[in-house]
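Peer 1: Got a structure here, written out as structure tokens. Questions coming.
The values are calculated or read from the model by the stated rules, or taken from the named source; none is laboratory data. Since the model is a prediction, treat every value here as computed from it, not as a measurement. Cβ: placed from backbone, ideal geometry, glycine included. Neighbour counts: every protein chain shown.
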Amino acid sequence: MPRQRPSGRPAGDRGGASAAGTEGTGSVREPSADDDSAPVTASGRPKGGLRAAQRAFTHARFIDSAVVEFTERGYARTTVDDILARAGTTRATFYLHFRSKADILRELYDRVMAVFEGIYADLDGLGCDPTLDGIRAWLRLDVERWAQVRHYAVPLAEGAVIEPEIRALVEQGYEYHIQSLAQALFADREDVKPEDAELAAIILLNPLMNFYDRYMHGRLTDTERMITLVAAAWMAIIKVPGR
């Protein structure tokens, strides 16, 4: 889902310009993809492939370290210094990759959306010929993905409370799910108006998102019972009249 990142570097815990400057004074700077002193080939050309790989490795290390810290401390209580200590690197290097810790949430959002990509395609035909078995099968596919994003979704939800840009991103993702579900279930239904399809999708998603939140916070253990109850509610809404 394309989006533009705001320019500029906030101050304090989010700011990198001054922090990077003071970090570099009197200290050894880690090599980065932007470092002109990076290794060169025999012909004098930079080893772009190696530098790109090193940069990607460092970038991933920051994200993985942040996820661990967010899980242990919560997003609000985690500082950039906590992430640096976990990653074993410097502020100067961190601010070559991110403007703030909120930027890391943007990447977690992308990971969550990637896990659920294409899931609504599995609803093909279910809107016109819904069955409890078919709905339950799709819900199981959805729940299988929950475990894959658990450590990303919790800090995203926490960050959305205090970071306006993350809240907007999460709301954008929810709107995507509404439109995708409405399209998947009701696009071929002549008896359902587009505006009614969107309302129905909201109604269908609400209990699922509630259970999703409970699962993410460890308050839902019997997912099979949840699937049975949600499937019955979905069937009542998407069934074809007269069948």
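Peer 1: Being in a helix (DSSP H, G or I) and either of a type outside the set (Asp, Glu) or outside the structural domain of MET209 (by TED's automatic domain parsing) (or both) is the filter here, so list the residues in the range 116-130 that pass it.
Peer 2: Once the filter is applied, which keeps residues that are in a helix (DSSP H, G or I) and either of a type outside the set (Asp, Glu) or outside the structural domain of MET209 (by TED's automatic domain parsing) (or both), the range 116-130 yields ILE119, TYR120, ALA121, LEU123.
Peer 1: Another question about this same structure. Here is a list of conditions, (1) touching a Lys or Arg at 6+ places or on another chain (Cβ under 7 Å); (2) more than 19 Å from TYR120 (Cβ to Cβ), and ARG219 meets all of them except one; can you say which number that is?
Peer 2: (1)
Peer 1: Name the one entry in GLU171, GLU144, GLU195, GLU175 that is assigned to a helix (DSSP H, G or I), under 15 Å from ILE119 (Cβ atoms) and free of Cβ contacts under 8 Å to residues at least 60 places away in the same chain.
Peer 2: Selected residue: GLU144, the only one of GLU171, GLU144, GLU195, GLU175 that is assigned to a helix (DSSP H, G or I), under 15 Å from ILE119 (Cβ atoms) and free of Cβ contacts under 8 Å to residues at least 60 places away in the same chain.
Peer 1: Return the residue satisfying two criteria in turn: it lies in the range 79-92 and is in contact (Cβ under 8 Å) with a residue 60 or more places away in the chain and assigned to a loop (DSSP other than H, G, I, E, B), and of such residues it is surrounded by the most Cβ atoms within 10 Å (Cβ to Cβ).
Peer 2: My answer is THR90.
Peer 1: I've got another one for you. Considering the range 131-141 alone, what residues qualify as being in contact (Cβ under 8 Å) with a residue 60 or more places away in the chain and surrounded by 14 or more Cβ atoms within 10 Å (Cβ to Cβ)?
Peer 2: Answer for the range 131-141, where residues must be in contact (Cβ under 8 Å) with a residue 60 or more places away in the chain and surrounded by 14 or more Cβ atoms within 10 Å (Cβ to Cβ): ILE135, ARG136, LEU139.
Peer 1: Would you confirm whether or not the range 63-75 contains a residue that is surrounded by fewer than 18 Cβ atoms within 10 Å (Cβ to Cβ), outside the structural domain of TYR152 (by TED's automatic domain parsing) and not in a helix (DSSP H, G or I)?
Peer 2: yes
Peer 1: Only one of GLU163, GLU144, GLU224 is within 30 Å of ARG73 (Cα to Cα) and either surrounded by fewer than 17 Cβ atoms within 10 Å (Cβ to Cβ) or of a type in the set (Ser, Thr, Tyr) (or both); which?
Peer 2: GLU144 is the lone residue from the list that is within 30 Å of ARG73 (Cα to Cα) and either surrounded by fewer than 17 Cβ atoms within 10 Å (Cβ to Cβ) or of a type in the set (Ser, Thr, Tyr) (or both).
Peer 1: Go through (1) assigned by TED's automatic domain parsing to the domain that holds MET226; (2) part of a helix (DSSP H, G or I); (3) not β-branched (Val, Ile, Thr) one by one and return the number of the condition TYR95 breaks.
Peer 2: (1)
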